[in-house]
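Some notes on the structure that comes next.
The values are calculated or read from the model by the stated rules, or taken from the named source; none is laboratory data. Values in this document were obtained by computation on a predicted structure and should not be read as measured data. A quick note on method: Cβ atoms are made from the backbone with ideal geometry, for glycine too, and the neighbour counts reach across all protein chains shown. We work out accessible area using only protein heavy atoms, side chains counted, and drop any ligands, DNA or RNA first. Shrake-Rupley method; radii C 1.70, N 1.55, O 1.52, S 1.80 Å.
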Amino acid sequence: MGRDHVHYTVALSAALLAVLVSVFEVLRSRLWWIFEPRCHHAEYRAQTPEPPSRRCFGWIRTVASLWSDEHFLMYAGVDGLVLVYFLRFATEQCLFASVVGCLVLVPRYH
């Protein structure tokens, strides 16, 4: 009985992730003015990094590997950088809790 609940939870979470990522991809390509660089002043335009690719999932590689914190600070400002730090912290905490939870709870339910 417990194992079925774990499978249903994992399947529901995976389906919800797929739906939310798909919605984000559609909105990102259609509402480009929200997700493109906001530095329009001529003095700062040369310092603004290139925007992420508009291809499907093209933003992941660009944001994860090519942008340093300094580039992100120029692109999004202090508020954006603080948000990125918070999201990194929350991701690390959730990943840790998920791994430990799976290692402890799944065998316990089984």
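Count of the stretch 65-93 residues, restricted to those that are under 28 Å from Thr9 (Cβ atoms) and open to solvent by 80 Å² or more (accessible area, probe 1.4 Å), is 7. Within the stretch 1-49, if we keep just the residues that are among the β-branched types (Val, Ile, Thr) and either modelled with pLDDT under 90 or open to solvent by less than 60 Å² (accessible area, probe 1.4 Å) (or both), the residue that is nearest to Ala76 (Cα to Cα) turns out to be Thr48.
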